Amino acid sequence: MNLANKLTILRVILIPVFLILLYVGLTYIALAVFIIASVTDYIDGKIARGRNLVTDFGKFMDPLADKMLVFAALIWFTESGVFPAWALVIVAAREFAVSGLRMLAASSGKVIAAAWSGKIKTATTMVCIIIMFLPVWSWVYWVCTACIVITTVYSGVEYFVKNIGVLSLENL
């Protein structure tokens with residue numbers, strides 16, 4: 001197992017640690033764990049591409065680990081009344097839709113690579129989550145919610161527009 005994949009596994013292991021810290025009230029320690037986990041996402045990608053260590057495991061597990069980390073935080077914020085449920089549904093719908101598109105493409109032997117808009121969406125969401133942990137004015141939560149929703153919708157639409165051929169009748 002290469003270093004990039006080990007960092008991805010570390011990120012997955014940090015998710016329950018992050019949640020436990022949140023639920024016992026150690027919010028700032030949980031935030032530190034979230035930041036560490038988020039940074040591993042950046043580092044493992046750099047290592048995998050820079051050292052030519054891209055693996056099928058990494059292609060599968062890295063985005064899954066990102067989704068699990070982000071959803072853990074967003075669900076906690078929704079439960080806390082900081083992130084609206086409608087926004088969480090939009091984020092979840094985009095993730096399911098893009099994952100379904102990728103599975104449909106894979107069944108035809110095609111691979112849908114991560115788009116820049118998806119990377120921007122992930123980075124924006126992680127930065128907004130970090131900001132939402134800080135003592136900020138209530139309007140900042142709405143700005144963060146808007147940023148998350150806008151980048152989520154844009155990247156989801158872009159995946160479908162760029163890969164509309166996957167939805168041809170022969171694949172349905």
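Side notes on the structure shown:
- Helix-only CD estimate at 222 nm, as mean residue ellipticity for the chain, using -39500 (n - 2.57) per DSSP H run (n ≥ 4): -27500 deg cm²/dmol
- Cysteines in the chain lacking a second Cys C-beta under 4.7 Å: 147
- Annotation: lysines with alpha-carbon distance below 30 angstrom to residue 6 (same-chain offsets under eight excluded): 46, 59, 67, 110, 119, 121.
- Counting every pair of alpha carbons in the range 1-63, the share spaced more than 18 Å apart comes to 37 percent.
- Scaled against the 2.2 N^0.38 Å expected of a compact globular protein of N residues, the Cα radius of gyration of the range 130-172 reads 1.83.
- Residue-wise HN-Hα coupling along the range 95-104, computed from phi with Karplus coefficients 6.51, -1.76, 1.60 (Hz; x: Gly, Pro): 5, 5, 5, 5, 4, x, 4, 5, 5, 4
- Gaussian network model of the chain, springs between alpha carbon atoms under 10 Å - residue of 60, 18, 77 with greatest fluctuation: 60
- Over the range 81-172, equivalent-ellipsoid semi-axes from the Cα gyration tensor in Å: 31, 12, 9
- Checking (i) 21.6; (ii) 17.0; (iii) 16.5 against the coordinates, the calculated Kirkwood radius over Cα pairs in Å falls under label (ii).
- Mean separation of Cα contacts under 8 Å, 6 or more apart, over the residue count of the range 81-172: relative contact order %: 45
None of the figures in this text is laboratory data; all of them are computed from the coordinates on show. Computed from a predicted model, the values in this text were never measured in an experiment. Ideal geometry is used to build each Cβ from the backbone, glycine not excepted, and the neighbour counts take in all protein chains shown.
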